[in-house]
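One structure below.
The values are calculated or read from the model by the stated rules, or taken from the named source; none is laboratory data. These numbers come from a predicted model, not from an experiment. Reconstructed Cβ throughout: ideal geometry from the backbone, glycine too, with neighbour counts over all protein chains shown.
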Amino acid sequence: MAESAAAVEVGVGTGRFAAPLGIKTGVEPAGAMAELARLRGIDVIRGVAERLPLEDASFDLVMMITTICFLDNVSAAFSEAHRVLMAGGHLLVGFLDRGSELGKHYDEKKAGNVFYTAATFRSSEEVLNHLKKAGFRDPAFVQTIFESPGGMTEVAPVRSGWGEGLFVVARGRKPSAA
C-alpha cells in the first residue's frame, strides 16, 4: 500500500493485519485489543463499525478483516464505511464464507470455539447485498483456503469468485463524484 494513501482498519483488534500492511489508523471497541494494536504502532480510536468516530470522506481505504461476523448491523457498518470513504475509495472485507463447505462446517462447530461462539458467519451473497445496499459499485471477490486449515502444508492459492474457499475478500468502490 502506498504511504500516501489514507487507510483505516475497522475492527483492528491487535493490529495483526494493519501493521504489516502499513495501515496506521484503526477503530476498535475492545480496550485490551486496542492496547496491543498501539504496541504495533497503530493509532487506535475507540468506536464501533456501525457508528464510526471518523470524519466524512477522510479515507481512501476502509478495511474490515474477520470483523463482520461480530457486528450487530452489517448494513449500518457498510454505510458508515461508505460515509468515511473519499469518492473512488474502496472497502475491503475479509470474512469466513458461510456459503462454502468449510464455512458450513465452521458455522456448525462454532459453539465449541472460544473465538467464534459469538460469531454470525455471513455468506458471500449476503456481503454482496450489503455492499450494493450501502452504495458500493464494481464488487469483486477472491477466495482462498480450500481445505481444512489444520491440514494445510502449503500457502493456499487465491482464486476469483466465491463458493469454494473458506476465506473470501470482497471489494467495493465508492463511486466518484458525478
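Below are the figures for this structure:
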{"quantity": "Those residues of region 103-124 which are surrounded by 13 or more Cβ atoms within 10 Å (Cβ to Cβ) and either small (Gly, Ala, Ser) or at pLDDT 85 or above (or both), in sequence order", "calculated": "103, 104, 119, 120, 121, 122, 123, 124"}
{"quantity": "Residue ID - surrounded by the fewest Cβ atoms within 10 Å (Cβ to Cβ), chosen from residues in region 168-178 that are modelled with pLDDT of 95 or more and either assigned to a strand (DSSP E or B) or of a type in the set (A, V, I, L, M) (or both)", "calculated": "171"}
{"quantity": "Residue satisfying all of: in region 48-72; among the polar types (S, T, N, Q) and under 13 Å from the mean Cα position of the chain (by Cα); modelled with the lowest pLDDT among these", "calculated": "66"}
{"quantity": "Pairs with Cβ under 6 Å, 6+ apart, first in region 108-126 and free of Cβ contacts under 8 Å to residues at least 60 places away in the same chain, second surrounded by fewer than 10 Cβ atoms within 10 Å (Cβ to Cβ) and part of a helix (DSSP H, G or I)", "calculated": "117/111"}
{"quantity": "Hits in region 78-106 - residues which are of a type in the set (Asp, Glu), assigned to a helix (DSSP H, G or I) and closer than 18 Å to residue 129 by Cβ", "calculated": "80"}
{"quantity": "Residue selected from region 125-142 under the condition exposed (fewer than 15 other Cβ atoms within 10 Å of the Cβ) and touching a strand residue (DSSP E or B) at 6+ places or on another chain (Cβ under 8 Å), by the criterion farthest from residue 7 (Cα to Cα)", "calculated": "132"}
{"quantity": "Filter result for the condition that a residue is over 26 Å from residue 158 (Cα atoms), within 11 Å of the chain's Cα centre (by Cα), surrounded by 15 or more Cβ atoms within 10 Å (Cβ to Cβ) and modelled with pLDDT of 95 or more, over 34, 77", "calculated": "77"}
{"quantity": "Tally of residues being farther than 14 Å from residue 8 by Cβ, assigned to a helix (DSSP H, G or I) and touching a residue at least 40 places away in the same chain (Cβ under 8 Å) across region 32-77", "calculated": "5"}
{"quantity": "Matching entry among 45, 23 (being modelled with pLDDT of 95 or more, surrounded by fewer than 17 Cβ atoms within 10 Å (Cβ to Cβ), of a type outside the set (D, E, K, R) and farther than 26 Å from residue 148 by Cβ)", "calculated": "45"}
{"quantity": "Selection within region 143-166 - surrounded by 15 or more Cβ atoms within 10 Å (Cβ to Cβ) and either part of a helix (DSSP H, G or I) or at pLDDT below 95 (or both)", "calculated": "145, 146, 156, 163, 164, 165, 166"}
